[in-house]
1. What ³J(HN,Hα) values, in whole Hz, does the Karplus curve 6.51 cos²θ - 1.76 cosθ + 1.60 give for region 110-121 when θ = phi - 60°, with x put for Gly and Pro?
2. For Gln159 and Glu29, calculate 0.36 nm times their separation in residues minus their Cα-Cα distance, and state this gained length in nm to one decimal.
3. So what is log10(I(q)/I(0)) for the chain at q = 0.08, 0.11 1/Å, when the Debye sum runs over its Cα atoms only?
4. Please turn the phi angles of region 182-188 into ³J(HN,Hα) values with the Karplus equation 6.51 cos²θ - 1.76 cosθ + 1.60 (θ = phi - 60°), one per residue in order, whole Hz, x for glycine and proline.
5. Full-extension gain between Arg188 and Ile150, please, as 0.36 nm times their residue separation minus the C-alpha to C-alpha distance.
6. Tell me, how many Å apart are the Cα centres for region 124-148 and for region 170-189?
7. What are the residues whose amide H is under 5 Å from the amide H of Val38, where those residues sit 5 or more places off or on another chain and H is modelled from the backbone?
8. Give me the extension gain from Asn52 to Ser106: residue separation times 0.36 nm, minus the current Cα-Cα distance, reported in nm with one decimal.
Amino acid sequence: MRGSECIMPEDEARIRTPFEGTRRMEWQESGELPAPLVLYRSEVPQAWVDYNDHMSESSYLLAFGHSADAFFRFVGIDEDYRAAGHSLFTVETHIHNISQARKGDSFELALAVLDVDAKRVHIMHMMRNVNTDEIVAAGEQLLVHVDTEIGRSATMGDQLFERISQLQQAHAGLERPAFIGRPLGIRRR
């Protein structure tokens, strides 16, 4: 069986985040950092619902990606930063489905910086149903800082590393679910 093919104009043929093209969020050098960061809220649209009448796994990844993009802008990674030849790329993602989200459910994503070094950032997203206060899913990402001109990992600049380190310190006391950081696999006794 063949799927239907859709040809889109070049400028429309890629995924865009809700934050793309918006100004970066202003980092406050002084003041308390949010723990966790809640930078993305939305509703589950019909397009994210699958044949089981709940949010599909690919849509969770899309929502986590939107949350990550908001985080990037919060620490200073925007179109100008990327045009200068650097970005953060995802190298590993784990999605943990805890409950179900259905069409129209309001949710928010809380992001925590779990760890950081000169080239890598480990983050966690917790998706919460705003109406029931239930945790619906968690997303875990390992990001690498990249020099996009040479296509290799690169050390973060001092300002970016300092900002992400400050967030990691502010988030150090947050509760981590037991499944965060675990390898994927069938556990045998």
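The values are calculated or read from the model by the stated rules, or taken from the named source; none is laboratory data. Everything numeric here is computed off the predicted structure, so don't read it as measured data. Calculation scope for accessible area: heavy atoms of the full protein, side chains included, ligands and nucleic acids excluded. Shrake-Rupley method; radii C 1.70, N 1.55, O 1.52, S 1.80 Å.
1. For region 110-121, the Karplus curve yields 9, 10, 10, 8, 8, 7, 7, 9, 4, 10, 10, 9 Hz.
2. 45.7 nm
3. -0.29, -0.55
4. With coefficients 6.51, -1.76 and 1.60, one gets 7, x, 7, x, 7, 8, 10 Hz.
5. On the way: separation 38, 0.36 × 38 = 13.68 nm, distance 4.30 nm.
Gain on extension, Arg188 to Ile150, equals 9.4 nm.
6. So the separation of the two Cα centres works out to 13 Å.
7. Leu111
8. Values: separation 54, 0.36 × 54 = 19.44 nm, distance 1.87 nm.
Taking Asn52 through Ser106 to full extension adds about 17.6 nm, to one decimal.
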